[in-house]
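The values are calculated or read from the model by the stated rules, or taken from the named source; none is laboratory data. These numbers were taken from a predicted model, which means no experiment stands behind them. No Cβ is skipped: glycine too gets one built from the backbone with ideal geometry, and neighbour counts run over all protein chains shown. For accessibility, only protein heavy atoms count, side chains too; no ligands or nucleic acids. Shrake-Rupley method; radii C 1.70, N 1.55, O 1.52, S 1.80 Å.
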Number of protein chains: 2
Amino acid sequence: MTTVALAQLNLLVGDIAANARQVIDCAARLKGQADIIVFPELTLTGYPPEDLLLRPACDERVAAALRDIAAAARGITLVVGYPAMRDGVRYNVAGLLRDGVVELEYRKMRLPNYSVFDERRYFEPGAHAVVFEQNGVTFGLTVCEDIWFDQPVQRAAAAGAQVLLNLNASPFHQGKVREREAMVGDRARRFGVSVVYVNLVGGQDELVFDGGSFVVDDHGVIKHRAPVFASGETLVSFDGAQPRAGSIAALLGAEEEVYRALVCGTHDYVYKNGFSSVVLGLSGGIDSALTLAIAVDALGAESVEVVSMPSRYTADISNLDALAQARAQDVKHQSISIEPAFDAFLAMLAPTFAGADVDITEENIQARCRGIVLMAISNKRGHMLLTTGNKSEMSVGYATLYGDMAGGFAPLKDVPKTLVYRLARWRNRDGEIIPQRVIDRPPSAELRPDQKDSDSLPDYDLLDAVLALYVEQDKAVDDIVAAGYPRAEVERIARLVDRNEYKRRQAPPGVKITRRAYGRDRRYPIVNGFRLN
Amino acid sequence: MTTVALAQLNLLVGDIAANARQVIDCAARLKGQADIIVFPELTLTGYPPEDLLLRPACDERVAAALRDIAAAARGITLVVGYPAMRDGVRYNVAGLLRDGVVELEYRKMRLPNYSVFDERRYFEPGAHAVVFEQNGVTFGLTVCEDIWFDQPVQRAAAAGAQVLLNLNASPFHQGKVREREAMVGDRARRFGVSVVYVNLVGGQDELVFDGGSFVVDDHGVIKHRAPVFASGETLVSFDGAQPRAGSIAALLGAEEEVYRALVCGTHDYVYKNGFSSVVLGLSGGIDSALTLAIAVDALGAESVEVVSMPSRYTADISNLDALAQARAQDVKHQSISIEPAFDAFLAMLAPTFAGADVDITEENIQARCRGIVLMAISNKRGHMLLTTGNKSEMSVGYATLYGDMAGGFAPLKDVPKTLVYRLARWRNRDGEIIPQRVIDRPPSAELRPDQKDSDSLPDYDLLDAVLALYVEQDKAVDDIVAAGYPRAEVERIARLVDRNEYKRRQAPPGVKITRRAYGRDRRYPIVNGFRLN
């Protein structure tokens, strides 16, 4: 019997010494229980380390960490991921550490360079299978993307691998857990290998890694699944190359997996940046209500402060609902009217604007006064400011730069408005955290009298459907119209998406939860003459 | 005799139809004068088209444009760059259009995927030389990066090329013009080919292309050089494969080339985004003074509006110097005190901040009040707001998010403070545009009484020297100390650079003029545990 441990760790990008300590501590803890521990891709640097890889000091630290880890690899086999310069070329490596030495190194063959990935910027591909024997079983090594292609798996199998160890840093998006398992199961069956799939967990800037490590047998049947969004090690025993049945965590529903991704991503972004508390503006609307729920679930009520900032256009009901939420969530709440500052700016600008019509300018001043108040509280108290905008708004620019877009992190940045509603309803499943009235009221920015989002934007069902086609699937306007959407609305939406790239470029990061998020995932020029038709 | 035209065009990314019209117009204009016209890399999409390449409509439009251009290629040979899907694979192509058809296509062999480049995200490399005969001379095709490596040139020469046509989209940085010519000259000599190097001109988001197209003979001697930062076609005649001597534009000095890059980048960013005028805050300091000079040189005085925004901490001399500059540059000027808004915020926040010390919070409020005033004028009048911060400040975070960092474009973003001074002195060469006192005064943010930059920052000579080593050359702290800089200062600077990635991520774009700019050129994680030592 061979026992393999899946070390689903939450690592800190760049902190090579701390990540190495996690490996060494894990080895010490599991010695005597496990024969082999498998760690995530690029264990030592975390993922993605980006241009830290270009610092010569990075290579030196990885080399030093490897010596320490090798010394700990006695009586237990460690499979660790790291970048390695070999003959002047950098590879993304899975190293086999055993008997006090780095015994073998596998070089990742398939280097993703699409979506959020830039691996060709840093690495050259490997070409050779690497296998090793333990307890009479032949194990093969692969790294992440390798297993999405036949060739690396085929080469490992041809080299004799019976069990494939696959080190991953596979970011979350909706439905990704099922997608991965189906794909790995298929490849296991076709090549007749069991697969140990170990994934990173935790948030890193725009990305969140869900963990969800698993083991399939050579028929592609799931024999073990670790819980998602939780770090820890689980053990799976093999009889020869056949995994025994282990614990199988339940898959999450569509809303729960997204919600937990948002909580994990927010928690890690705040803590990994050295903060421990947040502030946010609570308007009485659905976006700030959901953001508050996420913040409290991520950080605890005592670490969250909210501010209502009414103006002449704020409905009483908004103030009441904001207060009700703050009480329901037991967070510190205060109300600061923005009227004095708004009035001051109008007076300061009166000579300049004499004779000009009131327009979006005055709306933006209000949003920016709120931004100043929130940033002042953030600066004074050391809270990170969370912004509350959603993906639908980010897409069409229905947000004010330096106003409601001000902040360090935007939990809902990749969450379309229609999904915001679904998540709010889901979060209320065990008791009303978000007042039903907030969910039911027509959304409004409350920047002019009786304003509604629907004055400026299409219905959110239509907007989100068109955005999914235009942004996530790159469909042309004509194709979207052919799919049954009204041309005038489709053109308007596409034009707004294109024109507002400049705003998104100055937006804070948020958690990627869809197949295509804004940020590293979608690289559009600001200067852009691409026409709609 | 064969006459080759170098079409150093300013193209608009994404506007395939308009770029194709430029090609067709150029062909019509030069018919009878030139035998061959060479256009820049990715002529039809502009460069870099980024994820527009992933839109299926992009391929359709390129195909349609190619049909139109081919129809115009009668009695003249056109060498045009475009992306091309061939058998499901996308290549970066130089197409030879002659006698009404696309006769040949060369596929770029070397795809840069470092610095600002992401070509592996979109393209697969080609492997084969492509040559064609015209007037008994054999011409070979290459695209940009190809000529920085031996192999593509060697293959072209082996296929018989006597004259290499090289299509470029090579972005500017300091000294790049000389670097390119030396490299191309060397390769021409070693492989015994003449080279026609045609480069794009104009600004695209963070990049500016300087043009500076040239021809070298097979001894590596420059026979023609087009002016930099200007679009247009120039003709070079060949006797057999030997270029005749043509016009050779003078190389620019170190300050002038940077200044003209900034003017070109600012002009194009403003116009290509559909603006025709700008507003900026004029503080009486050197950064805003230089930004004003650039704006006026780029757009004309009638398209530039400046605003002074004094507070209780603004020295009289600052107001006077700002006014003097506005008059010297003949731009619309107004002064709006930020005191009423600053007072309003202090009063609004007084209950919240009761008992807390005055700190950076109050400084940031002032900077943000200025940001609101400027953005209001920008919104109301349709001016783009230029921000005035320099690279030294951007590096260490000596700037206020949503305050002085607010704006659409940051001309000095990649210009270190010491270079700001050099550029200001250079711009004054023919008469004082920037008052000497502005150049001579110690710099201050004027956000508290008697504040000087030197209270918070090292001397700028030291700061810029350390930044060049740490940011541009990726040196470790120990190496910088070993180079003779004081450890405490080096550590402090490096720490500030690392900690302020979050600010830079929300900064507007600016013109890359150094070997490594912030933005696409330097991809650092915000969450970053990489330690200094």
State all residues of the range A:429-444 that are open to solvent by 40 Å² or more (accessible area, probe 1.4 Å) and in a loop (DSSP other than H, G, I, E, B); if no residue qualifies, say none. A:432, A:441, A:442, A:444
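Tell me whether the range A:447-463 contains one or more residues that are over 24 Å from residue A:318 (Cα atoms), outside the structural domain of residue A:324 (by TED's automatic domain parsing) and part of a helix (DSSP H, G or I). Walk me through it before giving the result.
Of the residues in the range A:447-463, the ones over 24 Å from residue A:318 (Cα atoms) are A:462-463.
Retained after the next criterion (residues that are outside the structural domain of residue A:324 (by TED's automatic domain parsing)): A:462-463.
Checking which are part of a helix (DSSP H, G or I) leaves us with A:462-463.
Yes, the range A:447-463 has at least one match.
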Take residues that are within 14 Å of chain B (Cβ to nearest Cβ) and tell me which of the helices (runs of 4 or more DSSP H) falling wholly in the range A:280-394 contain 3 or more. A:339-353, A:360-381
Output yes when any residue across the range B:58-80 is farther than 14 Å from residue B:100 by Cα, within 25 Å of the chain's Cα centre (by Cα), in the same structural domain as residue B:199 (by TED's automatic domain parsing) and part of a helix (DSSP H, G or I), and no when none is. yes
What single numbered condition from (1) within 14 Å of chain B (Cβ to nearest Cβ); (2) touching a Phe, Trp or Tyr at 6+ places or on another chain (Cβ under 7 Å); (3) open to solvent by 10 Å² or more (accessible area, probe 1.4 Å) fails to hold for residue A:10? (2)
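A quick yes/no check of all residues on (1) within 14 Å of chain B (Cβ to nearest Cβ); (2) touching a strand residue (DSSP E or B) at 6+ places or on another chain (Cβ under 9 Å); (3) surrounded by fewer than 24 Cβ atoms within 10 Å (Cβ to Cβ):
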residue: A:141; (1), (2), (3): no, yes, no
residue: A:153; (1), (2), (3): no, yes, no
residue: A:162; (1), (2), (3): no, yes, yes
residue: A:166; (1), (2), (3): no, yes, no
residue: A:185; (1), (2), (3): no, yes, yes
residue: A:192; (1), (2), (3): no, no, yes
residue: A:201; (1), (2), (3): no, yes, no
residue: A:209; (1), (2), (3): yes, yes, no
residue: A:215; (1), (2), (3): no, yes, no
Being within 24 Å of residue B:195 (Cα to Cα) and in a helix (DSSP H, G or I), is that true of even one residue in the range B:30-39? yes
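For the range B:21-49, how many residues meet the condition of being under 29 Å from residue A:497 (Cβ atoms) and either within 14 Å of another protein chain (Cβ to nearest Cβ) or more than 25 Å from the chain's Cα centre (by Cα) (or both)? Before the answer, list the steps.
Taking the range B:21-49 and keeping what is under 29 Å from residue A:497 (Cβ atoms), we get B:21-23, B:40-49.
Next, from what is left, pick out any that are either within 14 Å of another protein chain (Cβ to nearest Cβ) or more than 25 Å from the chain's Cα centre (by Cα) (or both): B:21-22, B:42-49.
Qualifying residue count for the region: 10.
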Could you check the range B:395-428 and list, in sequence order, the residues that are more than 14 Å from chain A (Cβ to nearest Cβ), closer than 20 Å to residue A:402 by Cβ and either surrounded by fewer than 24 Cβ atoms within 10 Å (Cβ to Cβ) or free of Cβ contacts under 8 Å to residues at least 60 places away in the same chain (or both)? B:398
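Just to be sure before I move on: is residue B:58 within 27 Å of residue B:178 (Cα to Cα) and open to solvent by less than 60 Å² (accessible area, probe 1.4 Å) in the structure I sent?
Numbers: within 27 Å of residue B:178 (Cα to Cα): no; open to solvent by less than 60 Å² (accessible area, probe 1.4 Å): yes.
For residue B:58, the condition - within 27 Å of residue B:178 (Cα to Cα) and open to solvent by less than 60 Å² (accessible area, probe 1.4 Å) - is not met.
Among the listed residues B:274, B:265, which satisfies the condition of being within 14 Å of another protein chain (Cβ to nearest Cβ), surrounded by fewer than 20 Cβ atoms within 10 Å (Cβ to Cβ), closer than 30 Å to residue A:495 by Cβ and modelled with pLDDT of 95 or more? It would help to see each step written out before you state the result.
On the way: B:265 fails: surrounded by fewer than 20 Cβ atoms within 10 Å (Cβ to Cβ).
The match here is B:274.
Quick check on this structure: which one of B:52, B:78 is open to solvent by less than 10 Å² (accessible area, probe 1.4 Å), of a type outside the set (Ser, Thr, Tyr) and within 14 Å of another protein chain (Cβ to nearest Cβ)?
Numbers: B:78 fails: within 14 Å of another protein chain (Cβ to nearest Cβ).
Checking each option against the conditions leaves just B:52.
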What single numbered condition from (1) in contact with a Leu (Cβ under 7 Å, 6 or more places away or on another chain); (2) closer than 23 Å to residue A:276 by Cα fails to hold for residue A:397? (2)
Of (1) among the hydrophobic types (A, V, I, L, M, F, W, C); (2) closer than 26 Å to residue B:530 by Cβ; (3) not in a strand (DSSP E or B), residue A:208 satisfies all except one. Which? (3)
Which pairs turn up if I take residues in the range A:515-533 that are assigned by TED's automatic domain parsing to the domain that holds residue A:179 and open to solvent by less than 20 Å² (accessible area, probe 1.4 Å) and look for partners that are among the hydroxyl-bearing types (Ser, Thr, Tyr) and part of a strand (DSSP E or B) with beta carbon separation below 9 Å, at least 6 apart in sequence or on another chain? none
Taking the range A:431-451 as the region of interest, how many residues are at pLDDT below 90 and on the phi > 0 side of the Ramachandran plot? 2
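When you check residue A:504 against the structure, is it at the interface with another protein chain (Cβ under 7 Å from one of its Cβ atoms), charged (D, E, K, R), closer than 24 Å to residue B:203 by Cβ and crowded, with 18+ Cβ neighbours inside 10 Å, yes or no? Lay out the reasoning, then the answer.
Details: at the interface with another protein chain (Cβ under 7 Å from one of its Cβ atoms): no; charged (D, E, K, R): yes; closer than 24 Å to residue B:203 by Cβ: yes; crowded, with 18+ Cβ neighbours inside 10 Å: yes.
No; evaluated as a whole, the condition is false for this residue.
Please verify whether the range A:109-116 includes one or more residues that are open to solvent by 60 Å² or more (accessible area, probe 1.4 Å) and either of a type in the set (Lys, Arg) or within 14 Å of another protein chain (Cβ to nearest Cβ) (or both). Don't jump to the end; show me each part of the working.
First, pick out the residues of the range A:109-116 that are open to solvent by 60 Å² or more (accessible area, probe 1.4 Å): A:110, A:114.
With either of a type in the set (Lys, Arg) or within 14 Å of another protein chain (Cβ to nearest Cβ) (or both) added as a condition, the list becomes A:110, A:114.
Within the range A:109-116, one or more residues are open to solvent by 60 Å² or more (accessible area, probe 1.4 Å) and either of a type in the set (Lys, Arg) or within 14 Å of another protein chain (Cβ to nearest Cβ) (or both).
Any idea which of B:18, B:72 is of a type in the set (A, V, I, L, M) and either more than 29 Å from residue B:205 (Cβ to Cβ) or away from chain A (no Cβ under 12 Å) (or both)?
Working: B:18 fails: either more than 29 Å from residue B:205 (Cβ to Cβ) or away from chain A (no Cβ under 12 Å) (or both).
Within the list B:18, B:72, the selection yields B:72.
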Unique match (being under 24 Å from the mean Cα position of the chain (by Cα) and in contact (Cβ under 8 Å) with a residue 24 or more places away in the chain) among A:457, A:467: A:467
Output the qualifying pairs, or none if there are none: Cβ atoms under 6 angstrom, residues six or more apart or on different chains, first residue in the range B:229-247 and closer than 17 Å to residue B:8 by Cβ and in a loop (DSSP other than H, G, I, E, B), second residue of a type outside the set (Val, Ile, Thr) and open to solvent by 60 Å² or more (accessible area, probe 1.4 Å). B:229/B:260
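Right, residue A:452: open to solvent by less than 30 Å² (accessible area, probe 1.4 Å) and not β-branched (Val, Ile, Thr) or not? I'd like the intermediate steps shown before the answer.
Values: open to solvent by less than 30 Å² (accessible area, probe 1.4 Å): no; not β-branched (Val, Ile, Thr): yes.
Answer is no for this residue.
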Enumeration of residues in the range A:92-108 that are touching a residue at least 24 places away in the same chain (Cβ under 8 Å) and either open to solvent by 30 Å² or more (accessible area, probe 1.4 Å) or assigned to a loop (DSSP other than H, G, I, E, B) (or both): A:98, A:99, A:100, A:101, A:102, A:103, A:104, A:105, A:108
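Using the structure shown, decide if residue B:470 is within 13 Å of chain A (Cβ to nearest Cβ) and aromatic (Phe, Trp, Tyr).
On the way: within 13 Å of chain A (Cβ to nearest Cβ): yes; aromatic (Phe, Trp, Tyr): yes.
Yes; evaluated as a whole, the condition is true for this residue.
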